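Student: I am attaching a structure below and will ask some questions about it afterwards.
The values are calculated or read from the model by the stated rules, or taken from the named source; none is laboratory data. Remember, it's a predicted structure, so these values are computed and weren't measured experimentally. Don't worry about glycine lacking a Cβ; one is built from the backbone with ideal geometry, like all the others, and counts go over all protein chains shown. The protein model used for the area step is the full one, side chains on, heavy atoms only, and it has no ligands, DNA or RNA in it. Shrake-Rupley method; radii C 1.70, N 1.55, O 1.52, S 1.80 Å.
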Amino acid sequence: MLSRGWRWAGVVGLMSIGLAACAPAPLAEPPPAPVVDNLHDEVAQQIEAELTAINPAALPVFQAASEALYVNNDLTTAQTGYEQVLVLVPEYSHALRRLSLIRLYVEDVPAALDYAQRAVAADPSGYNHQALARALLATELIADKAKALDEARQAAEALPDDDGAILTWVMATTANGLATEGQQAAEHLLAVAPWSPIAHYLTGLFAADAGEWERAELELQLAQQMGMPADAVQHTLFASGVAFQARLYRWLRRGGYLMVTWVLGFGVLFGVGSGLSRATLAAVNRPAMPGQPQISLAERVLRFSYRTVINLSALYFYISLPLLGLFIVTVGVVVGYTFLALEHVPLTLLFGLFVGGVYTLTAIGRSLFVRVDDGEPGRRLQRTDAPELWALTETIATRLKTRPVEAIYITPGVEVAVTERGGQLAKLRGRAERALIVGLGALPGLTRGQLRSILAHEYGHFSNRDTAGGELARRVRVSTFELAVGLARSRQAHWYNPAWWFANGFQRLFLRISLGASRLQEILADRYAVMAYGVRDFSDGLRHIARQALVFEAALTQETEMASTQQRSLSNLYTLPQMPALYTASTINQRFTEVLGRPTSTYDSHPALQDRLRLVNQAGAPMQVAEDSRPAWEMLRNADTLQEAMTGVVQSRLQNWPLIPRVRN
């Protein structure tokens with residue numbers, strides 16, 4: 001804010017301008033601005049009537065003196081004329097007041113004060129109180145400044161529409177350090193004389209003193225446009241920091257609007273995502289038409305809505321990152337400027353903020369350009385290694401009227417999934433490589449009929465074009481993860497770091513939306529499976545994989561502990577007892593019961609098992625199409641070789657534990 005001394009210095013400069021407006025300059029100088037003393041027509045008529053009534057001989061003398069003062073800028077002739085008027089009409093207030101202004105202009109303060117006091121004594125009018133206030137302001141005595149304020153108030157009260165009286169009031173309040181009253185007086189002056197550059201200049205000064213930086217800048221610029229000396233205005237704008245503060249406040253205000261908009265966008269996306277989740281449950285709970293695996297109109301609308309919201313969320317994310325960086329830079333600048341303004345610069349704190357800001361900006365930059373290293377998802381299975389499995393995939397593709405997979409990969413775990421490999425354009429054009437991923441751990445105890453139903457579910461994703469999209473959502477999830485990891489690695493994952501707030505909040509938001517879409521995709525793919533091969537095999541297959549995941553985890557845990565204790569390599573993980581010694585059947589059954597009873601979470605990519613089983617039973621599909629109870633293991637010709645290879649993969653991963661996703665920029 002502007003100090004009282006600085007503000008008073010600015011107003012003192014205006015006093016000379018104001019006085020120059022009330023009295024002529026010497027002949028050697030340019031003519032001053034129009035006088036604002038009492039040149040009103042009604043006042044001139046009053047003076048003419050008074051002098052005609054008192055002493056008609058004084059009227060032409062008064063008029064000649066006024067012409068010398070206001071037209072010819074002749075102070076000497078004007079002073080002589082007004083003194084002659086006082087001889088003809090002793091103590092005539094209008095002559096006394098003008099003599100006071102003339103003496104004040106030539107810096108004869110005692111004489112100016114004497115004339116003004118005599119004028120008030122002769123006639124306590126608003127004009128005379130104004131003249132006395134100006135004379136008192138020109139003295140060096142504090143007591144006179146207080147008296148000047150009282151006189152100025154009386155003048156402003158008597159002449160509420162006179163810009164000269166209001167200007168004098170402004171000067172008096174400033175001289176006495178009354179900022180609030182001064183601002184009121186300046187606002188009044190601006191209302192009375194909006195054409196006056198002085199009014200705008202004063203209003204700008206008081207607006208700056210009140211911290212209204214943008215208005216201060218505007219009023220000062222208007223003052224310059226209306227005729228205020230440009231050097232004076234520019235000095236006030238820049239030397240006092242008004243222009244900088246106005247620019248800073250303008251950016252902060254715009255940033256505040258942007259932040260509010262950003263938060264509202266965050267809330268809207270969250271609300272839309274929650275609404276879509278509820279709509280998804282309502283849509284999929286409606287029984288499907290028997291024999292119709294295709295999605296309904298309502299489900300198509302849901303899919304389109306999800307796709308749109310995910311794209312908007314991704315756009316929101318990538319727009320937010322630069323804005324987040326700008327916000328962090330702005331906060332750093334504001335904090336630094338605040339310390340400089342307080343004349344106290346804690347170097348250690350500022351250095352810590354600078355380093356933290358650099359690390360945070362680096363993490364934001366890296367997350368913008370991160371990409372996942374797309375290696376092959378497992379060991380590629382040749383047709384000669386499993387001709388029956390390849391034939392089964394082609395049969396399913398024909399039944400579901402979609403293109404078959406072109407690659408099969410074997411992995412160590414219990415997962416069964418499909419994907420499309422290639423660029424986004426190739427995926428959208430339907431030319432990407434379709435791949436099936438089969439976890440070797442899922443096969444023990446699985447029948448061919450159950451595997452066929454599970455694979456039909458995966459082919460349902462192809463039919464619904466689920467694998468053709470999703471790349472954008474995947475990239476956003478990876479970028480969010482990279483941002484969080486970058487902040488954690490650089491030790492900037494603090495509650496007071498806005499980037500950490502964003503990483504956590506957006507991850508929850510985006511998972512809520514994108515995983516809701518994923519759950520819808522899974523439910524629709526389930527419908528394809530049961531319509532093609534019946535409810536029984538698919539339900540049994542789901543239960544088997546859920547239970548096998550628990551059994552395989554238990555077997556792997558036990559084997560890992562034993563191998564570590566005995567300092568040996570892992571045994572074949574796929575020939576281990578299906579019920580490890582450390583786990584009883586009741587323990588596995590209990591955990592499986594918990595899985596069956598667990599409700600669907602907001603952050604589940606797949607609906608809970610109980611919901612999937614319930615929904616497929618409501619789909620109107622046949623219970624059984626064609627039973628095939630042969631073991632799925634038999635479809636692999638070189639099962640032993642694959643088991644040893646996948647055990648080796650697990651062994652290698654354990655040696656590099658903990659596993660961290662390989663991400664490169």
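Student: When the dipole is taken about the Cα centre of the chain, and only Lys, Arg (+1) and Asp, Glu (-1) are charged at their Cβ, what size is it in debye, to the nearest 20? Mind showing how you got there, number by number?
Tutor: Numbers: 58 positive and 61 negative charges, 1152 e Å.
The dipole magnitude comes to about 5540 debye.
Student: Where the convex hull is taken over the Cα atoms of the chain, what is its projected area averaged over directions, in nm²?
Tutor: On the way: hull surface 176.4 nm².
Dividing the Cα hull surface by four gives the mean projection, 44.1 nm².
Student: Could you work out, for the range 324-407, what percent of all Cα-Cα pairs fall into each 5 Å distance bin, beginning at 0 Å and stopping at the bin that holds the largest distance?
Tutor: That works out to 3, 11, 13, 10, 8, 6, 5, 5, 5, 6, 7, 6, 6, 5, 4, 2, 0, in percent per bin.
Student: On to the next question. How much length is gained if the chain between S274 and V260 is pulled fully straight, taking 0.36 nm per residue apart and subtracting their Cα-Cα distance, in nm to one decimal?
Tutor: Details: separation 14, 0.36 × 14 = 5.04 nm, distance 2.09 nm.
2.9 nm is the gain from fully extending S274 to V260.
Student: Also, quick follow-up: Placing +1 on the Cβ of each Lys and Arg and -1 on the Cβ of each Asp and Glu in the chain, which of T330, W213, L596 has its Cα farthest towards the positive end of the resulting dipole?
Tutor: L596
Student: How far is it, in nm, from the label point at L178 to the one at R366 when both lie 7 Å from their Cα along the line to the Cβ?
Tutor: Modelled inter-label distance: 6.3 nm.
Student: Accessible area per residue for the range 91-196 in Å², computed with a 1.4 Å probe and the full protein assembly in place, what is it?
Tutor: 38 Å²
Student: Work out the length of the dipole vector of the range 176-241 about its Cα centre, built from +1 on the beta-carbon of each Lys and Arg and -1 on the beta-carbon of each Asp and Glu, and round it to the nearest 20 debye.
Tutor: On the way: 1 positive and 8 negative charges, 26 e Å.
The dipole of the range 176-241 has a size of about 120 debye.
Student: I need the peptides 239-247, 522-530, 112-120 ranked by packing, meaning the mean over residues of other C-beta atoms within 10 angstrom, with the highest value on top.
Tutor: My ranking of the peptides, most packed first, is 522-530, 112-120, 239-247.
Student: When all protein chains stay in place, what accessible area (Å², nearest 10, 1.4 Å probe) is found for Y359?
Tutor: Y359 has an accessible surface of roughly 110 Å² with all protein chains in place.
Student: Send over the Kirkwood Rh of the range 115-169, from the inverse of the averaged 1/r over different Cα pairs, rounded to one decimal Å.
Tutor: On the way: mean 1/r = 0.0944 Å⁻¹.
Final number for the Kirkwood radius of the range 115-169 is 10.6 Å.
Student: Next question. How big is the Cα convex hull of the range 82-148 in projection, averaged over all directions, in nm²?
Tutor: Details: hull surface 15.8 nm².
With the hull built on Cα positions only, its mean projection is 4.0 nm².
Student: In addition: Counting pairs of Cα atoms in the range 427-552, how many percent are more than 24 Å apart?
Tutor: 48 percent
Student: Taking all protein chains together and a probe of 1.4 Å, list E420, E50 from the most accessible to the least accessible. Don't skip to the end; give the middle numbers.
Tutor: Values: E420 10, E50 55 Å².
Solvent-accessible surface, decreasing: E50, E420.
Student: With n ≥ 4 as the cut-off for DSSP H runs, can you work out [θ] at 222 nm for the chain, using -39500 (n - 2.57) per run divided by the number of residues, rounded to the nearest 500?
Tutor: -23000 deg cm²/dmol
Student: Around R508, under 14 Å between beta carbons, what's the net of Lys plus Arg minus Asp minus Glu among the other residues?
Tutor: +1
Student: Would you mind counting up the charge near R637? Only other residues with Cβ under 13 Å from its Cβ, with Lys and Arg at +1 and Asp and Glu at -1. Walk me through the numbers before you get to the answer.
Tutor: Numbers: positive: R383; negative: D385, E388, E634, D640.
Net local charge, R637 excluded: -3.
Student: Test of understanding: what is the full-extension gain from L218 to R383, defined as 0.36 nm times their sequence separation minus their Cα-Cα distance?
Tutor: This chain segment gains 51.6 nm when fully extended.
Student: Another question about this same structure. Estimate the FRET efficiency between T80 and D123 by the formula 1/(1 + (r/R0)^6), using the beta-carbon distance for r and 25 Å for R0, to the nearest 0.05.
Tutor: Calculated transfer efficiency: 0.65.
Student: Given the Cα-Cα distance of R403 and E415 and 0.36 nm per residue of separation, how much length would full extension add, in nm?
Tutor: So the chain would gain 2.1 nm between R403 and E415.
Student: Sorting H457, H188 by accessible area (1.4 Å probe), largest first, what list results?
Tutor: My answer, sorted largest first, is H188, H457.
Student: Compute the distribution of all C-alpha to C-alpha distances in the range 543-631, in bins of 5 Å from 0, and list the percent of pairs in each, rounded to whole numbers.
Tutor: 2, 11, 16, 16, 15, 15, 12, 7, 3, 2, 1
Student: Continuing with this model, one more query. Round to a whole angstrom and tell me the spacing of the C-alpha centers of the range 242-276 and the range 475-539.
Tutor: Using only Cα atoms to place each centre, the spacing works out to 26 Å.
Student: Between Q45 and S571, with labels modelled 7 Å along Cα→Cβ, what's the label distance in nm to one decimal, could you check?
Tutor: My value for the distance between the label points is 12.2 nm.
Student: If you don't mind, there's one more thing I want to ask. Taking 8 Å as the Cα distance limit and 6 or more residues as the minimum spacing, I'd like the relative contact order of the chain as a percentage. Walk me through the numbers before you get to the answer.
Tutor: Values: 877 pairs, mean separation 70.5, N = 665.
Contact order relative to length: 11 percent.
Student: Something else now. Let me check I have the definition right: for the range 135-236, take the eigenvalues of the Cα gyration tensor, multiply each by 5, take square roots. What are those semi-axes in whole Å, largest first?
Tutor: 23, 15, 12
Student: What net charge do the residues around A243 carry, taking every other residue with its C-beta under 15 Å from that of A243, with Lys and Arg at +1 and Asp and Glu at -1?
Tutor: Within the 15 Å Cβ shell, the charges total -2.
Student: Quick one: putting +1 on the C-beta of Lys and Arg, -1 on the C-beta of Asp and Glu, what dipole do you get for the range 357-423 around its Cα centre, in Debye to the nearest 20?
Tutor: Details: 9 positive and 9 negative charges, 38 e Å.
Charge dipole, the range 357-423, about its Cα centre: 180 debye, nearest 20.
Student: Hey, another quick one. Taking a quarter of the surface of the Cα convex hull of the range 583-633, what do you get in nm²?
Tutor: 6.0 nm²
Student: Can you sort E91, E299 by solvent-accessible area, 1.4 Å probe, largest first?
Tutor: E91, E299
Student: Just going by the charge dipole of the chain, with Lys and Arg at +1 and Asp and Glu at -1 on Cβ, which of G460, L483, L509 is farthest out on the positive end?
Tutor: So the residue furthest toward the plus end is G460.
Student: Right, here's the next one. What distance in nm separates the two pseudo spin-label positions at A111 and M623, each 7 Å out from Cα along the beta-carbon direction?
Tutor: The answer from the label model is 12.4 nm.
Student: Run the 1.4 Å probe and let me know the accessible area of T348, rounded to the nearest 10 Å².
Tutor: Estimated to the nearest 10 Å², T348 gives 120 Å².
Student: Another question, if that's okay. With a 1.4 Å probe and all protein chains left in place, how much of the accessible area of the range 507-632 comes from carbon and sulfur atoms, in whole percent?
Tutor: 51 percent
Student: Here's another thing I want to ask about it. Among bridges DSSP assigns within the chain, what percent are antiparallel (round to 5)?
Tutor: About 70 percent, rounded to the nearest 5.
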